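See below for the structure under consideration.
The values are calculated or read from the model by the stated rules, or taken from the named source; none is laboratory data. All values derive from a computational prediction rather than experimental measurement. Here the Cβ positions follow ideal geometry from the backbone for every residue, glycine too, while neighbour counts run over all protein chains shown.
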Amino acid sequence: MARLNLEKRNLTQREEREARRRQALRQAIIQAAERLLIRSGYAALTMDDVAREAEISKATVYHYFRSKGDLVLELFVYYFEKFYRNIFRIRSEAKSAKEKLKEVITYFLRVSREKETISRVLMVDKFFLKKMRILAGETNRSSKREKDLLAEIKKQREKIIEEASRIIEEGMARGEFRSIDKLLATRLIEALLQGLVHSRFWNPSRFSLEKETEILLEFILLGIGQKNEEVKGACP
């Protein structure tokens, strides 16, 4: 019996090591694709390039990802999951709702600057947008896996919206924000942030990240803040 238990334990340990190895390899492929996207964009990305960048065989890349679309969508799932974790962390901090909102805005704008090419792919890359239209159901040319990944991206995005809306809800409960529809307010803030990022593609920002955050936060607080409160400098 003792020998049987030892064999089972050794098998479990081997399985765990193998699972970690596979996860590390999968992550290495995703990170290689990210670097290539940043350098060249979606249209120029090939699975051969990903294999060379990750220093593995092309067959290994295809073992984990069936197509370029599959791989890039998996990358965006990773981005949205990471974004959600950070929004959750910010909301859980012992700060005022205004301070949390400022931190969310700063995080979004910083990531969009650091990963500008990735933002371009999501917002304006015509090849990727065509792929997204296909996945949205305009044709039947997408695989089930790609549709599942798109559904996961949508799910993560809604989780982000819901988590951010709780910051608005906290602000209303504490009297920092006036009574408004929290989800509508959150979606409008999201639209403002996306619009600002989109405008940078054509007109590079002349402001620092800190100044850009300050201007945007002041603009938002003029809409959701209490009417009798001084907005400027309200969030140190």
Just name the residue that is surrounded by the most Cβ atoms within 10 Å (Cβ to Cβ) out of those in region 162-217 that are of a type in the set (Ser, Thr, Tyr) and touching a helix residue (DSSP H, G or I) at 6+ places or on another chain (Cβ under 8 Å). Thr186
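Of all residues in region 31-58, which are among the acidic types (Asp, Glu) and surrounded by 14 or more Cβ atoms within 10 Å (Cβ to Cβ)?
First pass over region 31-58, keeping only residues among the acidic types (Asp, Glu): 34, 48-49, 53, 55.
Hits for region 31-58 are Glu34, Asp49, Glu53.
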Count, please, the residues in region 34-62 that happen to be within 15 Å of Phe128 (Cα to Cα) and either assigned to a loop (DSSP other than H, G, I, E, B) or of a type in the set (Gly, Ala, Ser) (or both). 7
Odd one out for Lys159 among (1) at pLDDT 90 or above; (2) under 17 Å from the mean Cα position of the chain (by Cα); (3) surrounded by 18 or more Cβ atoms within 10 Å (Cβ to Cβ); (4) not hydroxyl-bearing (Ser, Thr, Tyr): (3)
For Arg133, indicate whether it is exposed (fewer than 15 other Cβ atoms within 10 Å of the Cβ), at pLDDT 70 or above and either within 25 Å of Ile87 (Cβ to Cβ) or not assigned by TED's automatic domain parsing to the domain that holds Glu34 (or both). no
Return the residues of region 32-66 that are among the polar types (S, T, N, Q) and without any contact (Cβ under 8 Å) to a residue 12 or more places away in the chain; say none if nothing qualifies. Ser40, Ser57
Scan region 171-196 residue by residue and report those that are over 22 Å from Ile215 (Cα atoms) and of a type in the set (Lys, Arg). Arg174
Taking first residues from region 1-26 that are in the same structural domain as Val50 (by TED's automatic domain parsing) and second residues anywhere that are of a type in the set (A, V, I, L, M) and at pLDDT 75 or above, the pairs with Cβ under 8 Å that are 6 or more apart or on different chains are Leu25/Ile56
